[in-house]
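Here is the structure we will look at, set down as structure tokens.
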Amino acid sequence: MTQPGSASPMVRRFGLLHATALNMTNMIGIGPFITIPLLMSALGGPQAMLGWLVALVIVLCDGMVWSELGAALPGSGGSFGYLRHGYGGEKVGRLMGFLFVWQFVLSGPLEIASGYIGFSQYLGYIWKGITAHQTMLVVTLIGLANLALLYRRITSIATITITLWLGTIVTVIVVIVTGAVHFDHRVAFDFPPGAFTFSLGFLLGLGAASRVGVYDYLGYYDVCYIGDEVANPGRVIPRSILISTVAVALIYLAVNLSIIGVVPWRDFVPAASHPEANFVVSTFMERIYGPGVATIFTAMILWTAFGSVFALLLGYSRVPYAAARDGYFFKVFARLHPSKGFPYVSLVVLGVLSIVAGFASLGMVIDALITTRILVQFIGQIGAVTLLRRRAPDLPRPYRMWLYPCRA
């Protein structure tokens, strides 16, 4: 982890626009397009959108934790450095760093794999009758293409990030505008009987919907993993996290209403018994414009999915690199490319693991991902903020989380 003010072998080229684009490309990605059926199935109707609102509150509070830590301790690796510095470089700090790196080697590829799985699901709209073995082949080829694009210097990656982000925004705008023009409030707000009846079943369903919502928001912190490559991180990191989180929350609400305002939610709920739930947005476009336009739009969604996994692998490949550089992981992961200056060993290893994880089911991947992230990383960072406030009160903090410690 690079200390504030210390020299870094990497070039700081990511500005606010690049950082926000990186976060938003990761957050939007394929997530809302493949999880809307799962979200609706959790509570059995449009009331499941409450899960996204609960998840938004959680994410906004956690985003402030990331902002304070990212602004005070900018460097490659994100959580690895925050946990190590927060809990002290010796004993507990080393233990937390060790636990994080090893859980990240599992959870990082799982998150990337969910994008590969989503890509293959939507490809099923174009490639009719795609088999399980063919799906695995698609995951492999997309994973290798992602590796090839990232195997280069950061200056060109920043340009690719903006390009993929623009494709994502265009895709989302098309969905929102199309849904707004053809929106039917009677279809969108067709609540089932007893939709808001307070009960144990309602709470369990809301919890399941919130879990899906948290998964959809994941990525608001992606810029923190490349802190060594962010210009003016004390300002850029907190602002990019806030802007991307609020913007994506509004986009999610608009996309969700657009789809269920055209396609009745009963047509894809429960998701397990409706094959069209795998590509519900393609079905949405088909009902309005026909299969030709829906096919073109599906290609746009595939672009969006690829943009998401690109942003994820870019940020996450820096974590084992930072850990190895500080002596917490195998030394080979600390190697930078001799001419292009990026951690190529870490990139390749995480890229290959992501491909392998993409052979599992989406539900299994999401559950494993959320479970492995919560205890060590998210809850651990809350403790790191508190401990740093006590142990290092003079540490420069360009950003301080609001209403501390209540939001933590």
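A short reminder: the numbers here are calculations on the coordinates, not readings from a lab. The model shown is predicted, which means the values in this text are computed figures rather than measured ones. In this analysis, Cβ positions are derived from the backbone assuming ideal geometry, glycine residues included, and neighbour counts consider all displayed protein chains.
If you plug each phi of the range 101-117 into the Karplus form 6.51 cos²θ - 1.76 cosθ + 1.60 with θ = phi - 60°, what whole-Hz ³J(HN,Hα) values come out, in order, with x for Gly and Pro?
Karplus-based 3J(HN,Hα) across the range 101-117 equals 4, 6, 6, 6, 4, 8, 6, x, x, 5, 5, 5, 4, 4, x, 4, 5 Hz.
Hey, can you grab everything whose amide H is under 5 Å from the amide H of Phe14? Only 5+ residues off in sequence or another chain; H modelled, so Pro and N-termini drop out.
So Phe14 has HN proximity to Val230, Ala231.
What fraction of the Cα pairs in the range 227-380, stated in percent, has a spacing above 19 angstrom?
Summing the P(r) tail past 19 Å for the range 227-380 gives 71 percent.
Tell me, what is the FRET efficiency for Arg391 and Asn232 to the nearest 0.05, using R0 = 30 angstrom and their Cβ-Cβ distance as r?
Between Arg391 and Asn232 the formula returns 0.70.
Per residue, what volume in Å³ does the convex hull of the Cα atoms of the range 272-358 enclose?
That works out to 123 Å³ per residue.
Which number comes out as Rg/Rh for the range 98-201 once both Rg and the Kirkwood Rh are worked out on C-alpha atoms?
1.10
Once you place label points 7 Å from the Cα toward the Cβ at Leu106 and Gln134, how far apart are they in nm?
About 3.4 nm, to one decimal.
Whole-Hz Karplus ³J(HN,Hα) for the range 289-301, in order, using 6.51 cos²θ - 1.76 cosθ + 1.60 and θ = phi - 60°, x for Gly and Pro?
Coupling constants for the range 289-301: 10, x, x, x, 5, 4, 5, 4, 5, 4, 4, 5, 5 Hz.
Can you pull a Stokes-Einstein diffusion coefficient for the range 158-226 at 4 °C (1.567 mPa s), Rh from Kirkwood over Cα pairs, as a whole number of µm²/s?
Estimated via Stokes-Einstein, D reaches 81 µm²/s.
P(r) for the range 293-408: what percent of alpha-carbon pairs falls in each 5 Å bin, starting at zero?
With a bin width of 5 Å, the distribution comes to 2, 9, 11, 14, 16, 16, 14, 10, 5, 2, 1, 0.
Using only Cα atoms, tell me the angle between helix 31-43 and the longest principal axis of the chain; keep it within 0 to 90° and round to the nearest 10.
70 degrees
Which log10 I(q)/I(0) values does the chain give at q = 0.07, 0.08, 0.13 Å⁻¹ under the Debye formula, counting every alpha carbon as one identical point scatterer?
So the normalised log intensities work out to -0.31, -0.41, -1.07.
Using a basic spin-label model with each label point 7 Å from the Cα along Cα→Cβ, how many nm lie between Leu375 and Asp267?
Between Leu375 and Asp267, the label points sit 4.3 nm apart.
Can you tell me which lysines have their Cα less than 27 Å from the Cα of Lys331? Leave out same-chain residues fewer than eight positions away.
Lys91, Lys340
Under a GNM of the chain (C-alpha, springs under 10 Å), which listed residue has the highest mean-square fluctuation: Asp190, Asp394, Asp216?
Asp394
Say each of Arg13 and Thr197 gets a label point 7 Å from the Cα, pointing the same way as Cα to Cβ; how far apart are those two points in nm?
So the label points at Arg13 and Thr197 sit 5.9 nm apart.
Show me the ranking of peptides 315-327, 192-204, 167-179 by mean Cβ neighbours inside 10 Å, starting with the highest.
Values: 315-327: 24.2, 192-204: 10.8, 167-179: 19.1.
In descending order of packing, they fall as 315-327, 167-179, 192-204.
Nearest 20 debye, what's the magnitude of the dipole of the chain about its Cα centre given +1 on Lys and Arg Cβ and -1 on Asp and Glu Cβ?
Numbers: 26 positive and 16 negative charges, 256 e Å.
Here the size comes out at about 1220 debye.
How big is the gap, in Å, between the Cα center of the range 223-247 and the Cα center of the range 34-53?
29 Å
Show the residues, 5+ positions off or on another chain, whose built amide H is closer than 5 Å to the amide H of Ser76.
Under 5 Å from the amide H of Ser76 lie the amide H atoms of Thr2, Gly227, Asp228, each far enough along the sequence or on another chain.
What is the helix-to-structure angle for 380-391, meaning the angle in degrees between its Cα long axis and the longest Cα principal axis of the chain, kept from 0 to 90 and rounded to the nearest 10?
Once rounded, the angle reads 30 degrees.
Once amide H atoms are placed 1.01 Å from N in the peptide plane, what residues at a sequence separation of 5 or more from Ile130, or on another chain, have their amide H within under 5 Å of its amide H?
Excluding prolines and chain starts, which carry no amide H, there are no hits.
Find the centroid of the Cα atoms in the range 331-408 and in the range 80-117, then give the distance between the two in whole Å.
5 Å
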